[in-house]
Amino acid sequence: MASGKKKWWLWALIVIVLGLLVYAVIQGRKGQKGIAVTVEKASLRDINEIVTASGRIYPEKEVKISSDVSGEVIGLYVKEGDTVKAGQLLAKINPDTYLPTIKRAQASVSSSRAQQQTAKAQISSAQAQVNQIQAQVDLAQKTNDRNKKLFNDGVISKADMETSQANLRGLEANLNAAKANLKQAYSNAQASLYGTASAQASLKETETSLNKTMIYAPVDGIVSKLNIEKGERVLGTIQMSGTEIMTIANLNAIEVQVEVSENDIVRVSKGNPATIEVDAYYGEKFTGVVTEIANSASSLSSTGASATLNTGQVTNFIVKIRMDYDSYKSKIVANKPFPFRPGMSASVEINTTSAKDVVSVPIQCVTTREKKDTMKTDTTFADDNIMEVVFVKSADTAKQVQVKTGIQDDKYIQILEGLKTGDEVISGPYSTVSRTLKSGDKVQIEDKPKGFKPKEDKD
């Protein structure tokens, strides 16, 4: 029995020792294996920084037509979708209201012109009267001068002298009255001239109103919207805003209007190229260029109502992108000369910045860490307490490297300082890189997911 107990304890001791050895080996292997990570090489790539936005297609040139005069539409000569030329008659408003007014204005002009002729005749008559009395005054003056000499010589009496002087004064008074009549005739002529001008202006205004009953196309284009029917009454623009009759659009020049957020608008500039996708042409891409950027925000509240100054509003800016004709001319066919219709939905990618052959890594490789005291004196990077870093695989450990980044696309980010091509940078797992990984941690490269194909880079 004693011998059996000894053998049992011996076997138990052997099992325990073997178990401890196996545990030690496993723990040793775990310690040597390190944290499982994936790595990517820093490589030369082309990076295009993109701003995405959505909006709708509109004609670049669109004219809304309203009537200047009010009345009934008695003629409508186009339909929606018709092609029109500048100067083509589109519609006609009933002119009967303006015809009597024109006749009255014409009569007023004729009357004013007759008054003008009468005034001219009065001037001639008054001028003749002035000339006649002036001659009489001159004769009376000479007679009075002779009588004065004769009176001084005692040839004529004082009564004759006084009669001569009275006759001269009477003629001089008549001359002054005739001159006043002439001046009045000139004033009457001037007034008749003004009256004629006023009557002619009234006639021209009425004729203009009559002409405005005929509505012509101001530009070439397509009737993209027709808001009235023959027989309807329209309100002229003289009275408030007036009735919008139709819209003419030039569909040869198409633009996309998109809303860009306030965070992205600072990166968008005129001339930026853009890639456009139209919902109606799924899977196809068109090109364009930014032509206009709004200076004022187009703000909407979360409910779509007019914006107020509160923290819940969404602030966007309208950006206009002209579509390149060459990119969609293949869509033009004989029975469909305009492949796009106003209001079609579209999404765009605006290429704001491009960089060729720059050192870059996947975006997930770059994370942030708090600066240590020894790093705060480094003026190469930002002076705040947070720095951008990557973890470079050095042998079997992770080495933290501070970097300075540039532009980025949806996959890669430019490295301006801190890395060179060929450096193996830890790219995942994301939670490990962004939170737990520290400089000096042991790492081991994990196999890429099955089916993973790395993008070909420019080395």
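The values are calculated or read from the model by the stated rules, or taken from the named source; none is laboratory data. Predicted model, so just to flag it, every value in this text is computed and none were measured. Quick reminder, even Gly has a Cβ in these numbers, built from the backbone with ideal geometry, and neighbours come from all protein chains shown.
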- Of all strands (runs of 3 or more DSSP E) fully inside segment 396-443, the set with 1 or more residues that are surrounded by 19 or more Cβ atoms within 10 Å (Cβ to Cβ) and within 40 Å of the chain's Cα centre (by Cα) is 404-408, 412-417
- Task: Only residues that are closer than 25 Å to LYS85 by Cα and either in a strand (DSSP E or B) or of a type in the set (Asp, Glu) (or both): list them for segment 194-229, please.
- Result: GLU207, MET214, ILE215, TYR216, ASP220, GLY221, ILE222, VAL223, SER224, LYS225, LEU226, GLU229
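Quick grid of which residues meet (1) of a type in the set (Asp, Glu); (2) loosely packed, with under 14 Cβ neighbours inside 10 Å:
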| site | (1), (2) |
| --- | --- |
| ASP138 | yes, yes |
| SER164 | no, no |
| LYS179 | no, no |
| SER192 | no, no |
| ASN211 | no, yes |
| ASP220 | yes, no |
- Note on the structure: Listed by first then second residue, the pairs whose first member lies in segment 233-262 and is charged (D, E, K, R), whose partner is surrounded by 15 or more Cβ atoms within 10 Å (Cβ to Cβ) and part of a loop (DSSP other than H, G, I, E, B), with beta carbons under 6 Å and at least 6 positions apart or on separate chains, are GLU244/ASN227
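Residues are listed down the side, and each one gets a yes or a no for (1) assigned to a helix (DSSP H, G or I); (2) in contact (Cβ under 8 Å) with a residue 40 or more places away in the chain; (3) closer than 22 Å to GLN129 by Cα; (4) assigned by TED's automatic domain parsing to the domain that holds THR118:
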{"residue": "ALA140", "(1), (2), (3), (4)": "yes, no, yes, yes"}
{"residue": "LEU150", "(1), (2), (3), (4)": "yes, no, no, yes"}
{"residue": "ALA159", "(1), (2), (3), (4)": "yes, no, no, yes"}
{"residue": "ALA166", "(1), (2), (3), (4)": "yes, no, yes, yes"}
{"residue": "ARG169", "(1), (2), (3), (4)": "yes, no, yes, yes"}
{"residue": "ALA178", "(1), (2), (3), (4)": "yes, yes, yes, yes"}
{"residue": "ALA185", "(1), (2), (3), (4)": "yes, yes, yes, yes"}
{"residue": "ALA189", "(1), (2), (3), (4)": "yes, yes, yes, yes"}
- Message: Pull out all pairs, ordered by first then second residue, where Cβ-Cβ is under 7 Å, the residues are six or more apart or on different chains, the first lies in segment 95-110 and is closer than 20 Å to ARG233 by Cα, and the second is part of a helix (DSSP H, G or I) and among the small types (Gly, Ala, Ser).
- Response: TYR98/SER209
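Only one of VAL155, VAL137, VAL130, VAL73 is over 30 Å from ARG169 (Cα atoms) and of a type in the set (A, V, I, L, M, F, W, C). Can you tell me which? Talk me through it step by step, then tell me what you get.
Numbers: VAL155 fails: over 30 Å from ARG169 (Cα atoms); VAL137 fails: over 30 Å from ARG169 (Cα atoms); VAL130 fails: over 30 Å from ARG169 (Cα atoms).
Among VAL155, VAL137, VAL130, VAL73, only VAL73 is over 30 Å from ARG169 (Cα atoms) and of a type in the set (A, V, I, L, M, F, W, C).
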- Taking the condition at pLDDT 85 or above and part of a helix (DSSP H, G or I), does GLN132 pass? yes
- Looking only at strands (runs of 3 or more DSSP E) that fall completely inside segment 268-360, which ones have 3 or more residues that are modelled with pLDDT of 90 or more and outside the structural domain of LEU419 (by TED's automatic domain parsing)? 273-278, 286-293, 314-323
